[in-house]
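A short write-up of the structure that comes next.
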Amino acid sequence: MMDWTALLPPSAALVLAPLLLGIINRTKAVFGGRKGQPLLQHYFDLIKLLGKGATYSRTTTWVFRAGPILGLAAVFVVVLLTPLGGVSGPLSFTGDLLLFAYLLAQMRFFTVLAALDTGSSFEGMGSSREVLFSALAEPALFFGLAALARQTGSLSISGMLAEINTQSWLLHGPALALVASALLVVALAENARIPVDDPNTHLELTMIHEVMVLDHGGPDLAFIFYGSALKLWVLAALLVGVVVPMRTGQALLDATAGLAGMFLLAVMIGVVESIMARVKLLRVPNLLVGATALAVLALVLVVR
Amino acid sequence: MGLVALAGLVALAAGRSARWATILGAGGAVVGCALGLIPALEAALGGSTQVVRLPWAMPGATFHVEIDALSGFFLLPTLLLGGLAAVYGTEYLQSFREKKNLGVAWCCFNLLVVSMAIVIVARDGLLFLVAWESMALVSFFLVAFEHEKDEVRKAGWIYLIATHIGTAFLLVMFLLLARVAGSFDFDAFSQAGAVGPAFAGLIFVLGVVGFGTKAGFVPLHVWLPEAHPAAPSHVSAVMSGVMIKTGIYGLLRTLTLLGPPPSWWGWLLVGIGVSSGVLGVLFALAQHDLKRLLAYSSIEHMGIITLGLGLGLLGVSLGIPTLAVLGFAGGLLHVLNHALFKGLLFLGAGAVLHATGTRSIDHLGGLAKRMPTTSLLFLVGATAVCGLPLLNGFVSELLIYLGAFSSIAAGRTWVVLVPALIGVAGLALIGGLAAACFTKAFGMVFLGEARSHHAEHAHEPRLAMQAPMVILAACCVVIGLFPAVVVPVSAAAIMPLVRQSDNVLVTTLEHAGKSLWMISLAAGALVLVVAALVILRRRLLARRPVEETVTWDCGYARPTPRMQYTASSYAQPLTALFALVLRTRERLVSPQGIFPTASSLATETPDIFHRGLFAPLFAGVESVLCRLRVVQPGRVQIYVLYVVVTLLSLLAWKIG
């Protein structure tokens, strides 16, 4: 009954998501003149963490233990909604873009609560920044999605991205480029990448996402890492779906093109992280409001 | 039939002894509400409309009540929450047993529920106004329950004045309608729409101001964050959950009386909706008082409801059935959903207040360990209020989003496109800020370590307080998991509003229903994954060491609970960013010298509309009215003179 090709995007996501992080790190290593960690390092980390015990703070409650599980489960369902290139995901319906955005919000909600459960000032600080930046990223994401909905006439992520082809880039190139840049900023901000947050920082005071998971360990931390990798994957897949307009109708070909796009995007993120510094924390809102402005501009172009 | 039961409980309520008052008052309310729910549900589902017409001693009026689908739909949350709050109140009011006359409290509570029900079913202008007024008065007495406190008295006065200003507009509205129709009966009012667009517009604006005062539209909301925290918690739940919805109901009823709406009505409501929503959640974020935070969040949700109704109106006036149906259905469903989760949250906040004696978020913390059940229930409410999936808040917001997105995608003109986009962006921003607000509320109150001795000795409330919360939470979860079953319930209620044929309504809702079933499917997948992960984690940890230690604090040896992030510090980046509207005041005593001793920081965010708009306005009115004191010097002789002069002039007028 169900088209088997619909299983391509989620299986690719579940298997390959940690590889994206490996590619990003390798790119950064090459830029820095280092050899760098193995491409599969994140898989090794996950396996190692899954095999460990856990240490919990006495302050924490069940909320702290439930946070990683609820977060990973939420992003797991998002993976089911996400297409790869032009190939639809298995779960796709009118309005799934809202479920997409709100499940990611749910993941964040529980990560933040788990962080607050430790009673640590560092984690409170990280949570406070996280909710601020994500609240500002939300309008940018929704305006971007609205522009896509307007352009393609569809209200599902898979449907929207399936409609975008070379023809639409020829007709609405500038608008799509604006949407893509807005989505790129959202993807970087939501995934705690430079220029918003530095995943490699080692000072608790300057962290955003990393500081929220300071007290997690063992399988919980593995769930969190895997969840973050999947989150990067789904937001990247949204961006790649807009940017790579390869729609031949042959699922394997389209998916391969999409996959190539994903890897290229990972390289690009690595390049961005190598050549840019973080924006000052107080300036991050400007960046996000700028992204919203780009998305609004895209809408104006599409509507006109 | 349900009404009879409801009216009966008024008499029950007047008992003198605290025990009997509680048993009779609460028992009457519960039985009355339970009996009333049956015809309400029947009517909401589109069953037969019940009409009762009785002669009434009031000149020019009849006792005309009717339960149609719209009334039934609003009666549902009113009676459900009314009954549950009564159960909760039996336990909650126990601590006031020695100090207060509980008979009066129960009498007022039951009168409040009855007058809300009558407001909803009244079909006569005068009957409506009488019920509306009694609703306002008894809720004033309930707000002033702890009248020995200064701030409670102040809150009560603000509420009383605000509600009467609103009623004044309604009075004018009904008088104008009655003058055209020649009668106070709602059936006669429906001809009023034919008079002309200017007249209909005037009635609509009067309705928006009058009903909007009750519903808490910004900037008419100033009474709401004062009055709701001051009332006992079960009353706050009823006021926030359902009483302010009578404002929405009144507006909707007015819309059914007026003719087809012009598009500027929709624009107006979308504007009010988005500004109330965003400002409401921003102010909520800046509060330190748990119940005040919830009250501001109610303003936010009234904004979301109004946004939905505004989009629906636009759909009606421009002939876009999808937008009309989804906007109204989403708005109306949010009325029900908000009653459920806000009721739950206020009852939860009441449990916290009951256990700790403080509402100040910065004095709480770590309650999840001492009150595990309450914390879980509050978490359900907090998740629902943010509109996160799996719970009911998501469903109604989804419908509003779908309506807006579908008209964006369908390539409409700018008349629809601009409000739809404003709606989408507004909802997105509200969603993000609400998440910030309720992670703060839940995180600071229930998680971490106790910040003061108040929170250290907290305990779970008794069953009578827990059971209503459990029922409300269960409703939230069921609606969230099976939205496709619940949404069609609103079909009959929105029928008179959307002005579409049956067919269009049903197909649109069926279309949305497909998406809603997929939501259920996704929810099922989510539950399965969670279960799988829980089992996996348990397996993994079964043979491994699981230790307990202190929270990581960079190696600092003596952490204390006072070093935790506070609610104010958590919200500071956001309040700083939106300082333009929030105007948070800071009083900082900074550390001085090489060995600094005491230093302090206090922040508060008063309402700018209260301070910047109404306070100067009323000061102005007061100074003008002070001039009139000349005629009221307080000497009895002069008053006697007034009486004599009046009598003489009347006599002269009669003779001449």
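The values are calculated or read from the model by the stated rules, or taken from the named source; none is laboratory data. This is a predicted model, so every value here is computed, not measured. When we count neighbours, we look across all protein chains shown, and the Cβ atoms used for this are built from the backbone with ideal geometry, even at glycine.
Of all residues in segment A:38-55, which are among the aliphatic types (A, V, I, L, M) and more than 10 Å from chain B (Cβ to nearest Cβ)?
A:Leu39, A:Leu40, A:Leu46, A:Ile47
Would you please list the contacts, defined by Cβ atoms under 9 Å and residues six or more apart or on different chains, that run from a residue in segment B:377-390 that is more than 9 Å from every other protein chain (Cβ to nearest Cβ) to a residue that is in a loop (DSSP other than H, G, I, E, B)?
From residues that are more than 9 Å from every other protein chain (Cβ to nearest Cβ), the pairs are B:Phe378/B:Met371; B:Val380/B:Leu391; B:Gly381/B:Leu391; B:Ala384/B:Leu390; B:Ala384/B:Leu391; B:Val385/B:Leu391.
Listed residues A:Arg34, A:Arg65, A:Arg58; which is within 11 Å of another protein chain (Cβ to nearest Cβ), more than 30 Å from B:Leu390 (Cβ to Cβ) and not hydroxyl-bearing (Ser, Thr, Tyr)?
Of the residues listed, the single one that is within 11 Å of another protein chain (Cβ to nearest Cβ), more than 30 Å from B:Leu390 (Cβ to Cβ) and not hydroxyl-bearing (Ser, Thr, Tyr) is A:Arg58.
Starting from residues that are part of a loop (DSSP other than H, G, I, E, B) and away from every other protein chain (no Cβ under 14 Å), keep the ones in segment A:182-196 and report whichever is surrounded by the fewest Cβ atoms within 10 Å (Cβ to Cβ).
A:Pro195
Sort through A:Thr5, A:Thr59 and tell me the only one that's more than 20 Å from A:Tyr226 (Cβ to Cβ) and in contact with a helix residue (DSSP H, G or I) (Cβ under 8 Å, 6 or more places away or on another chain).
A:Thr5
Quick check on segment B:207-228: of everything there that is under 17 Å from B:Leu309 (Cβ atoms) and of a type in the set (A, V, I, L, M, F, W, C), which residue is surrounded by the fewest Cβ atoms within 10 Å (Cβ to Cβ)?
B:Val209
Could you please tell me which pairs satisfy a Cβ distance under 7 Å, a separation of 6+ or placement on different chains, a first residue in segment A:239-256 that is touching a residue at least 12 places away in the same chain (Cβ under 8 Å), and a second residue that is aromatic (Phe, Trp, Tyr)?
Once the first residue is touching a residue at least 12 places away in the same chain (Cβ under 8 Å) and sits in segment A:239-256, its partners that are aromatic (Phe, Trp, Tyr) give A:Pro245/A:Trp169.
State which residue is nearest to B:Ala144 (Cα to Cα) when the search covers only segment B:81-98 and only residues that are in contact with a Pro (Cβ under 9 Å, 6 or more places away or on another chain) and not aliphatic (A, V, I, L, M).
B:Phe96
Can you name the number of the only condition in (1) touching a residue at least 24 places away in the same chain (Cβ under 8 Å); (2) outside any helix (DSSP H, G or I) that B:Gln592 fails?
Tallying (1) touching a residue at least 24 places away in the same chain (Cβ under 8 Å); (2) outside any helix (DSSP H, G or I), B:Gln592 fails exactly one: (1).
A quick yes/no check of all residues on (1) crowded, with 20+ Cβ neighbours inside 10 Å; (2) over 26 Å from A:Glu130 (Cα atoms):
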position: A:Glu204; (1), (2): no, no
position: A:Met212; (1), (2): yes, no
position: A:Ile224; (1), (2): yes, no
position: A:Gln250; (1), (2): no, yes
position: A:Thr256; (1), (2): no, yes
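Given the residues B:Ala436, B:Ala420, B:Ala404, which is the only one that is within 7 Å of chain A (Cβ to nearest Cβ) and of a type outside the set (Asp, Glu)?
Step by step, each of B:Ala436, B:Ala420, B:Ala404 is checked, and only B:Ala436 is within 7 Å of chain A (Cβ to nearest Cβ) and of a type outside the set (Asp, Glu).
Given the structure, is A:Val244 under 18 Å from the mean Cα position of the chain (by Cα), over 22 Å from A:Ile194 (Cα atoms) and of a type in the set (Val, Ile, Thr)?
Spelling it out, A:Val244 is indeed under 18 Å from the mean Cα position of the chain (by Cα), over 22 Å from A:Ile194 (Cα atoms) and of a type in the set (Val, Ile, Thr).
Yes or no, residue by residue, for (1) at the interface with another protein chain (Cβ under 8 Å from one of its Cβ atoms); (2) more than 29 Å from the chain's Cα centre (by Cα); (3) of a type in the set (Lys, Arg):
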position	(1), (2), (3)
B:Thr507	no, yes, no
B:Lys514	yes, yes, yes
B:Ser520	no, no, no
B:Gly524	no, yes, no
B:Leu533	yes, yes, no
B:Leu541	yes, yes, no
B:Pro545	yes, yes, no
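Need a quick list: helices (runs of 4 or more DSSP H) entirely within segment B:357-415 having at least 3 residues that are surrounded by 24 or more Cβ atoms within 10 Å (Cβ to Cβ), of a type outside the set (S, T, N, Q) and modelled with pLDDT of 90 or more.
Filter on segment B:357-415 gives B:372-385, B:392-409.
Since A:Val112 meets every condition but one in (1) under 23 Å from the mean Cα position of the chain (by Cα); (2) in a loop (DSSP other than H, G, I, E, B), which condition does it not meet?
Every condition holds for A:Val112 apart from (2).
Out of segment A:258-304, which residues are within 16 Å of the chain's Cα centre (by Cα) and surrounded by fewer than 19 Cβ atoms within 10 Å (Cβ to Cβ)?
A:Phe263, A:Leu264, A:Val267, A:Met268, A:Val272
Residues that are of a type in the set (Asp, Glu): find the helices (runs of 4 or more DSSP H) completely inside segment B:453-570 holding 2 or more of those.
Result: B:502-542.
Given the structure, is A:Gly119 in contact (Cβ under 8 Å) with a residue 12 or more places away in the chain, more than 7 Å from chain B (Cβ to nearest Cβ) and not aliphatic (A, V, I, L, M)?
Here the answer is no, as A:Gly119 does not meet what is asked.
Conditions first: (1) assigned to a loop (DSSP other than H, G, I, E, B); (2) of a type in the set (A, V, I, L, M, F, W, C); (3) under 15 Å from the mean Cα position of the chain (by Cα). A:Leu214 passes all but one, so which condition is the exception?
The single condition A:Leu214 does not satisfy is (3).
So A:Ala105 ticks every box in (1) in contact with a helix residue (DSSP H, G or I) (Cβ under 9 Å, 6 or more places away or on another chain); (2) within 17 Å of A:Leu214 (Cβ to Cβ) but one. Which box is left unticked?
Of the numbered conditions (1) in contact with a helix residue (DSSP H, G or I) (Cβ under 9 Å, 6 or more places away or on another chain); (2) within 17 Å of A:Leu214 (Cβ to Cβ), the odd one out for A:Ala105 is (2).
Kindly indicate which of B:Val380, B:Val352 is aliphatic (A, V, I, L, M) and touching a Cys at 6+ places or on another chain (Cβ under 8 Å).
B:Val380
For segment B:161-182, check the following and say yes or no: at least one residue is in a loop (DSSP other than H, G, I, E, B) and at pLDDT below 85.
Scanning segment B:161-182 turns up at least one residue that is in a loop (DSSP other than H, G, I, E, B) and at pLDDT below 85.
For segment A:75-106, give me the residue count where each residue is assigned to a helix (DSSP H, G or I), more than 20 Å from B:Ala428 (Cα to Cα) and either basic (Lys, Arg) or within 9 Å of chain B (Cβ to nearest Cβ) (or both).
Going through segment A:75-106 one residue at a time, the tally reaches 3.
When you check A:Leu72 against the structure, is it within 30 Å of B:Gly393 (Cβ to Cβ) and either more than 13 Å from chain B (Cβ to nearest Cβ) or in contact (Cβ under 8 Å) with a residue 60 or more places away in the chain (or both), yes or no?
yes
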